[in-house]
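Take a look at the structure set out below.
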Amino acid sequence: MPFDIESRLRAPEAYSLARDTLDAMEKHKVWPTSQNFELWVHFVCDPTGPLGKEIRRIIAQGGPFTDTACQDLASTYLGSAKLTTEIQDTGDALTKELQSVSMAVKAAQKSSQAYGATLQQASQSLENDPADLRETVETLAAATRQIQKENKALEARLTESTAEVIRLREHLEQVRRDATTDGLTNLANRKSFDAELERMSDAAEAEGMPLTLALLDIDHFKTFNDTWGHQTGDQVLRYVAGVIGQSGADPRIAARYGGEEFALLFPGETAATAFNVLEMIRIEVASRILKRRSTNEDLGAITLSAGLAERVKGERGSELLDRADAALYASKRNGRNQVTSSDNTAGGV
């Protein structure tokens, strides 16, 4: 029985990202360079992010994706050169692998066509000269053995290719995680948090749902670093990040926003709920007496100051961030180790 190509090419998850990306590029007549592949991988993965919004704006205006336009998008929205290189290399390998599979499928199609032609010739031969049955059967047997051999080779190639595409997909996912994660704390980094803030602000506006943003800062962290050194300071950052991260599980978003400052997003939650969560975090952090790992010296307790704001209708993410930041600095001015809600928060706390 001829090998069922269709069943092996039903898109498993390993192929979905590459296939969807290449389909989108073809639809909008984007030349398949490595850099363009990277751009459209980001677009397919996050169509509502900053890059996704810009690409959708260009599509809506009917603008062509010229080399210059794509280069401008890359320079504005893509990450570091190291990240770009990794994605380009993976994109090149993925594209090469897909091209190889495409060639194998085309070869199998040709073999199937040739097999069909052989069957047709055999049918005609039997009709014209039934006495020549033995020669016809031998011809069919040889053709069948050949198609079985080629189908077996195609099956092996597709199995091998599936494993390779899965590996490349996993590498792309790891690169994406590296690009959006703070290396010290394993929380989201500022770039990814800013993108999530805008995305969630748009969603809250569209759905009429609450969204609360909190900023947290370790009190007197510079003095702590100067006293105990940056290595011990890093241990404190990881500890605080761990406490915050426990309260920032999905669908909430927890991030290291910079230095000793952290951020928490509460989609679908009011300021009152967020205030209680922040109080638990503050109390948990302040209740621990920390010790230096290398010497077991007591480092004393550390405290957090926090500010929060609940989004109001029509407010952009940057405006919500400004109000949460102002609330944080109010906590600092009023003695630290406390949580302050923005004066403009809907409903107040």
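In summary, Arg336 fulfils each of the numbered conditions (1) modelled with pLDDT of 95 or more; (2) farther than 23 Å from His220 by Cβ; (3) in a loop (DSSP other than H, G, I, E, B) with the single exception of condition (2). Of the residues making up segment 241-269, just one is more than 19 Å from Glu196 (Cβ to Cβ), in a loop (DSSP other than H, G, I, E, B) and out of contact with any Leu (no Cβ under 7 Å at 6 or more places or on another chain), namely Gly259.
The values are calculated or read from the model by the stated rules, or taken from the named source; none is laboratory data. Not measured: the values here are computed from a predicted model. So basically every Cβ, Gly included, is an ideal-geometry build from the backbone, and we count neighbours across all protein chains shown.
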